[in-house]
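Below is one structure, written out as structure tokens; comments come after it.
The values are calculated or read from the model by the stated rules, or taken from the named source; none is laboratory data. In this text, all values refer to a predicted model and were calculated from it rather than measured experimentally. Please note: Cβ atoms are built from the backbone with ideal geometry, for glycine as well, and neighbour counts cover all protein chains shown. SASA here: full protein model, heavy atoms, side chains in, ligands and nucleic acids out. Shrake-Rupley method; radii C 1.70, N 1.55, O 1.52, S 1.80 Å.
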Amino acid sequence: MIKIENLSYTYGDGTQAIKNLNISFPSEHIFAIMGFSGSGKTTLLNCISRFIKPQQGKIFLDNQNIFEMDVKSFREAIGVVFQALNLFPHMTVLENMTLAPCRLRRINEKDAKNSAREMLERLGILELADHYPSQVSGGQAQRVAIGRGLMLKPRLMLLDEPTSALDARTTEDFSHWIRELQSDTNFIVVTHDLEFARTAASKGMFMSEGEIVESGNIDGVLRHIKRG
Amino acid sequence: MCFIMAMKRLKVPVLLMSMVCAITLSATSDEFVTALTGKFPPFNYYNEGGDLAGFDVDVSREIAKRLKKELRIVTTEWDGIIAGLLAGKYDAIVASMAITPERKQSVNFSEPYYRSGAQMFVHRDNPNHIYSIDECSGLRIAVVLGETYQQFLEKNYPDIEVVTLKSTVSIFEMMEQQRIAGFVTDRLVGLWQIKNAGRSFVPVGEMLYTESIGIPVRKDSNKLLKQINRSISDMKVDGTMDKIYQKYFGTVGVAEGESAVGGMTFSIIANKLLKGFAITLLIAFLAISLGFLFSIPTGLLLVYNSGFWALPSRIIRMFVDFIRGTPVLIQLLFVWLGLGLKAFPAAIITLGICAMCYMAEAVRAGLISVAPGQALAARALGLSSFDRFRFVIWPQAFRIALPSLMNNVVALIKDTALVSIISIPELIREAQSIISVTFEPHKYYLIAALMFFAVTFPLMKLSGRIERAIQAKGFKHD
Ligand SMILES: Nc1ncnc2c1ncn2[C@@H]1O[C@H](COP(=O)(O)OP(=O)(O)O)[C@@H](O)[C@H]1O
Ligand SMILES: [Mg+2]
């Protein structure tokens, strides 16, 4: 569903973070973009989510060039959860989730709240509805942020380092949770945590210095990395 | 030791006194010779029996008594009265002579034995509720034709309708018919005329200007000057001056320039204070509302200072710094006198701009403390730029800015006191006008302070509570 052609991105200071990258992500429930720190994963994610514009190359979402898409329909098609999550601290969990549907879809508040509750229930965090972000744990916040993104029913969700704030146990819980999450949405998960990638994803790719080292089935990729 | 010092202290003045007496006294040393014109009732004049009488005459008598000397009064023309003194024809002039720098060059003056000056009088019932000359705009105020008060009023109070009448008698008639709101004349002369005519007019407000009346002596009469000063101060302390004053000017006050209460009852005072405070609060409310409204775009402009907005941002930055770096008082005077705005709009605009600049800083601090990821996340959710600001950025920035915004509100309410300077009848000015009648500054300034505090204190408490509530919800200032 995502196809990338000859993508290159160079920061203003001359750092070339992505080097002539070509890949087609298969439609996969969870696809992992792996790589060590500084390999260009976040840069790639920012390109795919249109927050930065690559100097060269094209990105297609279901055969549409994303930079030619209308912003609103693009944002509705692709959700992003940043590493810092950026939950809105002045709103309850429920309000965090209803803001975009209310404003973008003009859904009335009551309906939006009902569907947000349904979503929270599906994600197993209904009890958090009236909590403020400062009152929930790191693992719960991660789920809320994903839930907030899922409210617009995007075709694709991009998660940047979802486990960076979690310890080993909650990481394992989270990888099971996201795996079992019933969703019409495909996930691209950016992570440097190979163990998490192995438990959560079925396919993936490994980046190094802005280039793809290996891609395919997760076990194959990881075997290749360990050998190399 | 002690004994010797006491001896010395006694000896020196006694010795000096005898020397001075021997050398300088023109008249015989047991006479106190004074001069006056006898043409200035009620201060000095010839009464029906043809005898010299008046305030100055009584004061001269009392001083002579205290000097333990025989009083001899010389009458002379005003024109040559100082020359006569210098020529040694008399020891002192007790003739209601105002102390002026020019006169001081040739003679030495005693401490003032009374003060007078231009005073406004109204009817005791005070139908127009006038408590100071400032409240007479548009009213008819009378003066006697040819007296300097006419020019003084026309020059300093152009809003007053000055009515010139031939004499005090016609002024009194017009007052009784309520065809004029008040009149201006010399304070003491006015009091005496009112008393003589049996009218119920009272002085209100402070004197428009004052003159201090002293007793001139020759420059070499230091000893006499000291004795006269001592006598005057004794007369003030032991009530003699008061008694003489009452004799001529009625039971309305004492010689040092105090004034009658002018029928200012408690309800009038309360009404004035409340009205004044209402104006204070109205000005504060309008200025703060306006200021807050404009502080948001101003604060935004201070933060978003790149691209197209770089130049406007820089200009606003300069403007905000300028306003914050200059006294509000000067800004008020500039807008009022410099730009010639009417007092009320000048106050609202000046304080409003101040509020805008101070609050814009608070807004700016709030905006920059919102994590940049917040805007990014809102963008990722597809919110429009307006929605991002309205629902995500502004609520957070506002919460962070709120405590300092509240502090600004308190400071601005207090700053409203400054507009009294541009003659808006707000609380301070009303308090001053009450004080000019009641002479109780301690009381009314305290009341005014408490009225301010009654409003600012809850605001300060509220600000503290909001701050704690915000922190409890996980917001922090940094
Ligand atoms: N804003 C930036 N300006 C300049 N260089 C950057 C910026 N962000 C990232 N880089 C550099 O680009 C490279 C890739 O960074 P990034 O995409 O964040 O890697 P990853 O997410 O895999 O850790 C790194 O060398 C990093 O230092
Ligand atoms: Mg990264």
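Residue-level check: of (1) open to solvent by less than 10 Å² (accessible area, probe 1.4 Å); (2) within 14 Å of another protein chain (Cβ to nearest Cβ); (3) within 23 Å of A:LEU21 (Cα to Cα), A:ALA197 misses just (2). Applying a threshold of 6 Å to beta carbon distances and a minimum spacing of six or more residues, or different chains, the list of pairs starting in region A:1-23 at a residue that is within 14 Å of chain B (Cβ to nearest Cβ) and ending at one that is within 16 Å of ligand 2 (Cβ to nearest atom) and open to solvent by 10 Å² or more (accessible area, probe 1.4 Å) is empty. Per the listing A:LEU150, A:LEU159, the residue uniquely within 14 Å of another protein chain (Cβ to nearest Cβ), within 16 Å of ligand 1 (Cβ to nearest atom), of a type outside the set (Lys, Arg) and within 14 Å of the chain's Cα centre (by Cα) is A:LEU159. You will find that of B:VAL202, B:VAL162, the residue that is among the hydrophobic types (A, V, I, L, M, F, W, C), out of contact with any helix residue (DSSP H, G or I) (no Cβ under 7 Å at 6 or more places or on another chain) and modelled with pLDDT of 85 or more is B:VAL202 and no other. What residue, among those in region B:348-374 that are facing another protein chain (nearest Cβ under 9 Å) and small (Gly, Ala, Ser), is most open to solvent (accessible area, probe 1.4 Å)? That would be B:ALA371. When each of B:VAL419, B:VAL392 is tested for being modelled with pLDDT of 95 or more and either surrounded by 23 or more Cβ atoms within 10 Å (Cβ to Cβ) or under 44 Å from the mean Cα position of the chain (by Cα) (or both), the lone residue that passes is B:VAL392. Within region A:92-114, being within 8 Å of another protein chain (Cβ to nearest Cβ) and hydrophobic (A, V, I, L, M, F, W, C) holds for A:LEU99, A:ALA100, A:LEU104. Close Cβ contacts (under 6 Å, 6 or more residues apart or on different chains) running from residues in region A:150-169 that are touching a residue at least 60 places away in the same chain (Cβ under 8 Å) to residues that are within 13 Å of ligand 1 (Cβ to nearest atom) and open to solvent by 10 Å² or more (accessible area, probe 1.4 Å) comprise A:ASP160/A:THR42; A:ASP160/A:PHE82; A:ASP160/A:GLN83; A:GLU161/A:GLN83; A:SER164/A:GLN83.
Is there a residue in region B:119-133 that is of a type in the set (Lys, Arg) and more than 30 Å from B:ILE268 (Cα to Cα)?
Pass one, region B:119-133, residues of a type in the set (Lys, Arg): B:124.
If we keep only those that are more than 30 Å from B:ILE268 (Cα to Cα) as well, we get none.
Scanning region B:119-133 turns up no residue that is of a type in the set (Lys, Arg) and more than 30 Å from B:ILE268 (Cα to Cα).
If you go through region B:375-389 and keep only what is open to solvent by 10 Å² or more (accessible area, probe 1.4 Å), of a type outside the set (D, E, K, R) and more than 7 Å from chain A (Cβ to nearest Cβ), you end up with B:ALA375, B:SER384, B:SER385, B:PHE386, B:PHE389.
Within region A:176-193, the set of residues being within 16 Å of ligand 2 (Cβ to nearest atom) and surrounded by fewer than 19 Cβ atoms within 10 Å (Cβ to Cβ) comprises A:HIS192 only.
Just to be sure I understand, how many residues within region B:175-208 are open to solvent by less than 10 Å² (accessible area, probe 1.4 Å) and charged (D, E, K, R)? Of the residues in that region, 1 qualify. The number of residues in region B:292-335 that are in a helix (DSSP H, G or I) and surrounded by 12 or more Cβ atoms within 10 Å (Cβ to Cβ) comes to 30.
For region A:40-59, filtering for residues that are over 17 Å from the mean Cα position of the chain (by Cα) and either crowded, with 16+ Cβ neighbours inside 10 Å or within 14 Å of ligand 1 (Cβ to nearest atom) (or both) leaves 4. Contact map, region A:201-225: first residue farther than 24 Å from A:ASN6 by Cα, second residue in a helix (DSSP H, G or I) and among the β-branched types (Val, Ile, Thr), Cβ cut-off under 7 Å, separation 6 or more or different chains; pairs are A:ALA201/A:ILE218; A:SER202/A:ILE218.
When A:GLU127 is tested against (1) more than 12 Å from every other protein chain (Cβ to nearest Cβ); (2) over 30 Å from A:GLU195 (Cα atoms), only condition (2) is not met. For region A:83-94, indicate whether the set of residues that are of a type outside the set (Gly, Ala, Ser), within 26 Å of B:ASP387 (Cα to Cα), surrounded by fewer than 19 Cβ atoms within 10 Å (Cβ to Cβ) and within 14 Å of ligand 1 (Cβ to nearest atom) is non-empty. So far as region A:83-94 goes, yes, one or more of its residues are of a type outside the set (Gly, Ala, Ser), within 26 Å of B:ASP387 (Cα to Cα), surrounded by fewer than 19 Cβ atoms within 10 Å (Cβ to Cβ) and within 14 Å of ligand 1 (Cβ to nearest atom). For region A:22-92, the strands (runs of 3 or more DSSP E) that sit wholly inside it and include 1 or more residues that are within 16 Å of ligand 2 (Cβ to nearest atom) are A:30-35, A:78-81.
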